[in-house]
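**Q** There's a structure below that I have some questions on.
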Amino acid sequence: MNVGSLRSMTPKQSAVAALEGRVPDGLVPTFELEFQLAQELLGRDFEDLGRLQGNEQSRAAGRNAELHVEIAERLDYAIIRTSNLMELASLRAMGAGDRFLLCGEADGTLPIPDGDTMEELAVALMEEPGKVHADLLIRASQAIEWGARQLEAGAEALTMCADYCFNTAPFLSPAMFRQFVTPYLAQIIEAHRQNGAYVIKHTDGNIMPILDQLVEAGPHAIHSLDPQGGVDIAEVKRLVGGQVCLCGNVNCALLQTGTDDEVRASAEYALKSGMPGGGYIYCTSNVAFKGMPLERYLFILDIRNERGRYYCPIGQP
């Protein structure tokens, strides 16, 4: 994918412009929280560093870093994301941070619990709120420390990927969210920002009842603006587009099960609604997941190449 002639900014500069609410030149920036189709794209996959030790682990981290860069170059990503300290250090040593915004992950806020712990948490929220708050303070401190370590290793941005919402509504009511999530979310984001990071807050599902609180917490960007949760990017742009960068909204489910026309409609709607005035990063509503047909994912990048240019009117060739 040769798009070098379409911009004067580097991909990193384009991402920074969007995260700061500005209009980048050329194509709208793009990335994914995870690209799980490396085998399909390049014939090899990331190595599991947890199964290795010592020099073998270090060498594998270097190979993973090289793969991250190759994927970013092939797909014109502006952001490379990994929370592995060795991979971040390898990326920095390679000079990848000159061209791409290196991104880690550090979230300590309260997510939707799994089925095994949901009842226990629900009881604790009502009967032992002080204990829950004490635990959340510890988790916030740990997230801040972990984020700082990744920044020292080479990251310049951090995602925060605790999920708060089902497709129908948030797990917590807005009032309970303000009590048990927003203060810690704001605390962690403020610390990450003070440490020099751009912060991208991710949550799937219907965020609309808590959108104001997510923005109030102060991230640079919100991801993923999930259409499967009924989130309309045009409405989000209208409500908060001047306050925070928006990332996502291309419907992941359609990439696997929809028609080409449905995929195109979703991608073009995201571009048309998100791009005006800047402050938008184009990506799927979750990740490029294993099992998604590679050609479908490349299709939405082709649509970006056709319709995602800032220097010509959207919808014009």
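**Q** Would you pull out the residues with amide H under 5 Å of Ser224's amide H, same chain only if 5 or more places away, H placed 1.01 Å from N?
**A** So Ser224 has HN proximity to Thr203.
**Q** Leaving ligands, DNA and RNA out of it, work out the accessible area of Lys131 with a 1.4 Å probe and give it in Å² to the nearest 10.
**A** 140 Å²
**Q** Give me the percent of DSSP beta bridges within the chain that run antiparallel, rounded to the nearest 5.
**A** 10 percent
**Q** Per residue, how much accessible area does the range 1-110 show when a 1.4 Å probe rolls over the protein heavy atoms, in square angstrom?
**A** Spelled out: the 1.4 Å probe surface of the range 1-110, per residue, equals 42 Å².
**Q** Once you keep just the Cα pairs under 8 angstrom separated by 6 or more residues, what percentage relative contact order results for the chain?
**A** Answer for the chain is 21 percent.
**Q** Which trypsin sites (Lys or Arg not before Pro) in the range 7-79 pass both tests, a DSSP loop state and at most 11 other beta-carbon atoms within 10 Å?
**A** Arg44
**Q** So what does His133 come to for accessible area, using a 1.4 Å probe and Å² rounded to 10?
**A** 40 Å²
**Q** For every other residue with a beta carbon closer than 12 angstrom to the beta carbon of Ala93, add +1 if it is Lys or Arg and -1 if Asp or Glu, then tell me the sum.
**A** -2
**Q** Of the accessible area of the range 149-228, with the probe set at 1.4 angstrom, what percent is carbon plus sulfur?
**A** That fraction is 48 percent.
**Q** Accessible area per residue of the range 170-317 at 1.4 Å probe, in Å²?
**A** Here the per-residue accessible area is 37 Å².
**Q** May I pose another question? So what are the ³J(HN,Hα) numbers for the range 298-303, from phi and the Karplus equation (6.51, -1.76, 1.60; θ = phi - 60°), rounded to whole Hz, Gly and Pro as x?
**A** Values per residue, Gly and Pro as x: 5, 4, 6, 6, 5, 5 Hz.
**Q** Using the crude model of +1 on Lys and Arg Cβ and -1 on Asp and Glu Cβ, and no other charge, please compute the dipole size for the chain relative to its Cα centre, in debye to 20.
**A** Charge dipole, the chain, about its Cα centre: 1000 debye, nearest 20.
**Q** Here's something else I'd like to know. Give me the percent relative contact order of the range 156-211, please, defined on Cα pairs under 8 angstrom at least 6 residues apart.
**A** Reported relative contact order: 63 percent.
**Q** Still on this structure, please answer the following. On a 1.4 Å probe surface of the protein chains, which of Arg296, Arg92 comes out largest in accessible area, and what is the full order?
**A** The ranking, largest first, comes out as Arg92, Arg296.
**Q** So, one more: Which GluC sites (Glu not before Pro) from the range 211-317 combine a DSSP loop assignment with at most 14 other Cβ atoms within 10 Å?
**A** none
The values are calculated or read from the model by the stated rules, or taken from the named source; none is laboratory data. If you're wondering where the values come from, they're calculated on a predicted model, not measured in any experiment. Positions of Cβ are generated from backbone atoms using ideal geometry, with glycine treated the same way; all protein chains shown enter the neighbour counts. Only protein heavy atoms, including side chains, enter the accessible area calculation; ligands, DNA and RNA are left aside. Shrake-Rupley method; radii C 1.70, N 1.55, O 1.52, S 1.80 Å.
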